1. Please report the net charge: other residues with Cβ closer than 13 Å to the Cβ of Gln98, K and R +1, D and E -1.
2. How long is the gain from Val54 to Lys332 if the chain were fully straight, where each residue apart is worth 0.36 nm and the alpha carbon distance is subtracted?
3. Please check which bits of region 75-93 a label hung off Asp206 would reach, taking the label as a point 7 Å along Cα-to-C-beta and the cut-off as backbone N under 12 Å.
4. How far apart, in nanometres, would the label points at His134 and Ala287 be if each is projected 7 angstrom from Cα along the Cα-to-Cβ direction?
5. Could you check the spin-label model distance between Arg263 and Asp79? Points 7 Å from the Cα along Cα→Cβ, value in nm.
6. With a sphere of radius 10 Å drawn around the Cβ of Glu111, what net charge do the other residues whose Cβ falls strictly inside it have (Lys, Arg +1; Asp, Glu -1)?
7. Mind checking which of Asp312, Asp266, Asp90 has the largest fluctuation in a GNM of the chain, springs on alpha carbons under 10 Å?
8. When the convex hull of the C-alpha atoms of the chain is computed, what volume per residue in Å³ does it have?
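All of the numbers you see were taken from the coordinates with simple rules; none came from a lab. None of these values were measured; they are calculated from a predicted model. Don't worry about glycine lacking a Cβ; one is built from the backbone with ideal geometry, like all the others, and counts go over all protein chains shown.
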Amino acid sequence: MTHAIQPKPGVLEIAPYVGGESKLPGARDVVKLSSNENPFGPSDSVREAIRKSVHSLHRYPSTDHGPLRRAIGEVHGLDPERIICGNGSDEIISMLCQAYGGPGHEVIHTEHGFGMYRISALAAGAAPIEVREHERKVDVDAIIEACNFRTRLVFIANPGNPTGTMIGSNEVGRLAAELPAHVLLVLDGAYAEYVEDFDGGAKLVDKRDNVFMTRTFSKIYGLGGLRIGWGYGPAHVIDALNRVRGPFNLSELQMAAAEAALRDQDHVERCRAENARMRTWMAKALAEIGVPSDTSCANFVLARFDDTAQADACEAHLRDEGLIVRKMGGYKLPNCLRITVGDEASCRRVVHAISNFKETRG
């Protein structure tokens, strides 16, 4: 039935985002490796900050996120005035599209890029433009070629999701330098903390007025359930985003937890080191049984199978074993499964199950 009341163009083209499954009906001892969550969760100091914050839940939160922005600035060596906080980096992405994309505008993302880029562009009324990657890596030349007078935003994740691959700072810098003057480059750094001594693009943001960086507390900080993100960019972009941002988009509980997480960099370092250890082990162990993957710079491995049928059969086998991983057909990688790097027991269990699959049906 056609209704007289219709949403604006683009909205009905959106396929709602579907998160990773967390339960298997009838299964016990389920291991979830489908959403790139930190298996160690937040630090003890975060848990204590959350406990204390419940005493002020009747109060409205501050609208400027001042203490959290100052903490981010202190830890990362950034100007707090050029930081904006959001309900996960998803909200920052949405605000960017709302502020800079609209009818008649185009928003570029890469073929295996994070699904929220397309969704946010369509929600703003802009046209999402998909650009090819080269062997599951961002292709700078392809992005530059796709730009035109309608382009307003370019989103790239570095490291990428679901690929786990990265491009170097020289290539990112070249992209920023060769974009048309009216285009804003957005560097999604959701997995930046998993790369040793990587600033997520902050230095490039400081050098240019057409680069913006997003970050999140959902991954290495173990706060996916609280939805906290932030962005860093030129003052003129921060000003525009603050004009479309809701005044109370973060609660006091969220801000208290995020600040405590930032202050405990020892926990971050332990999580990064353990992730690197098990990621290396998992990739090598899978390769030895005939399941290759690109070098991952994130907290997951993108396992490649011979074809879609084999990937689907392996995923079904893992479900039977109580193991949840992520099928990648929606990201145009139907022969791949994305496997989160969990704790050591989970990593060994999933590799053992895939090895059994390969021996019996692979």
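1. +2
2. Using 0.36 nm per residue and subtracting the Cα-Cα distance, I get 95.8 nm.
3. 76-80, by backbone N distance to the label point.
4. Taking the simple label geometry, His134 and Ala287 are separated by 2.2 nm.
5. 2.7 nm
6. 0
7. Comparing Asp312, Asp266, Asp90 in the GNM, the peak value goes to Asp266.
8. 164 Å³
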